[in-house]
Amino acid sequence: MTARDATIHASAVLVGSAAVLIRGPSGSGKSRLALDLILAGRAGVIAPAQLIGDDRVHLAVEGGTVVVRPAASLAGLLEVRGLGIRRLPFASHGQVGLVVDLEAEDAARLPAPGALEIGLNGVKLPRIPVGKNFAALPLVTAILVTDPLTVI
C-alpha cells in the first residue's frame, strides 16, 4: 500500500463512526460478512452499519489514520451469493477501526496478543484473525458490543 491511495481486494462497512475492513481470499466470505454486519446494524445488535465498498476498495493514510473508500465503479454494489449483484446505500469513506482477516493462518482459539493487531502502512490497528470455515460474524459482533470502535 502506498501512502496515498492503494486499491486492494477487500470489503468495508462503516459501523457507527469507524470502518471494518474485511480481507481474505476470493470466496472466503467478505461480501457475506459485509451484509451480515449491515443486517446486524439494522437489527440494533450493533451500531448502525452501512456499506463502504465490496470486492475492491481504496486505502489511503491521512493524518496518521487509514481511510477506506469504495472503488468508483463498484460504489453501492454488493454481491449476494445466490442473488447476484445488489444495490445498497453506501458511505463515501470511513476511518478504519478494525481489520478482519478471513481464513487467517494465525487464527487460534486463544490468539496471541500480537495476532490481534496489525500495521497497515505504519498505522497500528486492531485485528481479528478468523480461521477457515469459522463464522466471522460472532467474533466481529463480540468485539463491537464489548469494545465498540471509536475513532479519535
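The values are calculated or read from the model by the stated rules, or taken from the named source; none is laboratory data. These numbers come from a predicted model, not from an experiment. Cβ coordinates were reconstructed from backbone atoms using ideal geometry, including for glycine residues, and neighbour counts include every protein chain displayed.
Counting the residues of segment 81-96 that are within 16 Å of L33 (Cα to Cα) and touching a Pro at 6+ places or on another chain (Cβ under 9 Å) gives 1.
When you look at L78, is it touching a Pro at 6+ places or on another chain (Cβ under 9 Å) and either in a loop (DSSP other than H, G, I, E, B) or at pLDDT 95 or above (or both), yes or no?
Values: touching a Pro at 6+ places or on another chain (Cβ under 9 Å): no; either in a loop (DSSP other than H, G, I, E, B) or at pLDDT 95 or above (or both): yes.
The answer is no for L78.
For segment 133-149, a tally of residues being in contact (Cβ under 8 Å) with a residue 60 or more places away in the chain and not polar (S, T, N, Q) returns 7.
For segment 105-126: of the residues being among the hydrophobic types (A, V, I, L, M, F, W, C) and free of Cβ contacts under 8 Å to residues at least 40 places away in the same chain, which is surrounded by the fewest Cβ atoms within 10 Å (Cβ to Cβ)?
Among them, the one singled out is L110.
Of all residues being hydrophobic (A, V, I, L, M, F, W, C) and over 12 Å from D101 (Cα atoms) in segment 13-30, which is surrounded by the most Cβ atoms within 10 Å (Cβ to Cβ)? Just the residue, please.
V13
Looking at this structure, is I143 modelled with pLDDT of 90 or more, among the hydrophobic types (A, V, I, L, M, F, W, C), surrounded by 14 or more Cβ atoms within 10 Å (Cβ to Cβ) and not in a helix (DSSP H, G or I)? Considered against the rule, which asks whether it is modelled with pLDDT of 90 or more, among the hydrophobic types (A, V, I, L, M, F, W, C), surrounded by 14 or more Cβ atoms within 10 Å (Cβ to Cβ) and not in a helix (DSSP H, G or I), I143 comes out as no.
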